[in-house]
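Read the figures in this text as sums done on the coordinates, not as results from a lab. Computed from a prediction, not measured in an experiment: that's the story for all the values here. Counting neighbours? That spans all protein chains shown, and the Cβs are built from the backbone with ideal geometry, glycine included.
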Amino acid sequence: MISMAALPDRAVIAVSGDDRITFLQGLVSNDVAEAAPGRAVWAALLTPQGKYLADFFIFADGDRLLLDCERSQIAMLVPRLSRYRLRAKVSVSAEPGILVHVAWGNGIPTLDGVIAAPDPRLPEAGRRMLSLAPLAANASPLDYDRHRLSLGLPDGSRDLEAEKSTLLEAGFDELHGVSWTKGCYMGQELTARTKYRGLLKRRLVPVAVDGPLPPPGTPVLRDGLDVGAFRSGLDGDGMAVLRLDALDAALMCGEARLTAKVPAWMRAPDSTG
């Protein structure tokens, strides 16, 4: 069965101009040159200190790059990206007329007039689509949220803390959100040091929730001691940032019991980095 949902909490930014690829290449975590028709790139924008600011899917569309990002971050991203233009031949603009959809399941068809690409994080995640008109959705954003939670995929600022989280603790390495060969970008030093020195002490992991869903930010406790925080969730599934030594422990979060469910795509904690 194929499921398709509109994602009204997503929006699109266009980066246009002759220098669009080199401009973004020096700013984001992944290789922008890999974006091509039918192939999207997942990347993050970091602070100069290497902490998370935003993430987005980059699509190639003729002489522009389209960034599928959180709608709530448009007001931050457009001026921030524009600030780095300097003499580069680029323009950065919000594109309110472009709608974001996602489809998952077997045999997703190609649709005329739709810019589409497989989600680069995991094949099971489905296909992301940009269109100028609403598509025939048969699922809701909540259905998609259940799907991505079942895969253990992070959902931007719902799961990562701006200016605090690092990419590797959120799985960007395993989920193809970082290039280790493309050259320098803003915040690269911390990301590389974390990987090659094995500095990770916590991970964002999917959790089973037995009890009332905790609000985001609720501390996760092991024997009364703080070992992490709950992030996003729906029904009996959620995401939590946990210390590596707590992944096998009995955990409490508010009135709920949590059980970490380390997904197959995530490297085991003792080999991370």
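For region 188-226, the residues whose amide N sits under 15 Å from a probe point set 7 Å from the Cα of Ala250 along the beta carbon direction are 210, 221-225.
Above 17 Å, the calculated P(r) of region 201-264 contains 23 percent of its Cα-Cα pairs. Multiplying the residue separation of Asp9 and Lys89 by 0.36 nm and removing their Cα-Cα distance gives an extension gain of 25.8 nm.
A simple packing score, the average count of other Cβ atoms within 10 Å per residue, orders the peptides 186-193, 82-89 as 186-193, 82-89, with the highest score first. Volume per residue for the chain equals 123 cubic angstrom (convex hull of Cα atoms).
Rounded to the nearest whole Hz, the Karplus-based 3J(HN,Hα) values (6.51 cos²θ - 1.76 cosθ + 1.60, θ = phi - 60°) of region 139-150 follow the sequence 9, 10, x, 5, 4, 5, 4, 4, 5, 5, 5, 5, with x at glycine and proline.
Using a simple spin-label model with pseudo-atoms 7 Å out from Cα toward Cβ, Asp235 and Asp210 lie 1.9 nm apart.
Our coupling estimate for region 203-214, obtained by passing each phi through the Karplus curve with A = 6.51, B = -1.76, C = 1.60 and θ = phi - 60°, is 9, 8, 9, x, 9, 8, 10, 10, x, x, 5, x Hz, Gly and Pro reported as x. A viscosity of 1.567 mPa s and a temperature of 4 °C, combined with the Kirkwood radius over C-alpha pairs in the Stokes-Einstein formula, give region 3-158 a diffusion coefficient of 82 µm²/s.
Rounded to the nearest 500, the 222 nm mean residue ellipticity of the chain from helices alone is -3500 deg cm²/dmol, with -39,500 (n - 2.57) taken per DSSP H run of at least 4 residues. Given +1 at the Cβ of Lys and Arg, -1 at the Cβ of Asp and Glu and no other charges, the dipole of region 1-104 around its Cα centre is 360 debye to the nearest 20. Close amide-amide hydrogen proximity is noted between Ala117 and Arg128, each under 5 Å apart and 5 or more residues distant or on a separate chain (H modeled in the peptide plane; Pro and chain starts excluded). Between 0 and 90 degrees, the angle of helix 74-83 with respect to the longest Cα principal axis of the chain falls at about 60 degrees. Of all lysines in the structure, those lying under 18 Å Cα to Cα from Lys201, and not within fewer than 8 positions of it along the same chain, are Lys51, Lys164, Lys261.
Remark on Ser232: its backbone amide H falls under 5 Å from those of Met239, a criterion applied only to residues 5 or more positions apart or on other chains, H modelled at 1.01 Å from N.
Here the label points at Lys261 and Arg197, each 7 Å from Cα along the C-beta direction, are separated by 3.5 nm in the simple model.
Couplings 3J(HN,Hα) for region 246-260, derived from phi with the Karplus relation 6.51 cos²θ - 1.76 cosθ + 1.60 (θ = phi - 60°), are 10, 5, 9, 8, 7, 10, 10, 8, x, 9, 10, 8, 10, 10, 5 Hz, where x marks Gly and Pro.
Between the amide H of Gly50 and those of Gly187, distances stay under 5 Å, these residues lying 5 or more places away or on another chain, with hydrogens modeled in the peptide plane.
Modelled this way, with points 7 Å down the Cα-to-C-beta line, the labels at Ala162 and Val114 are 3.1 nm from one another.
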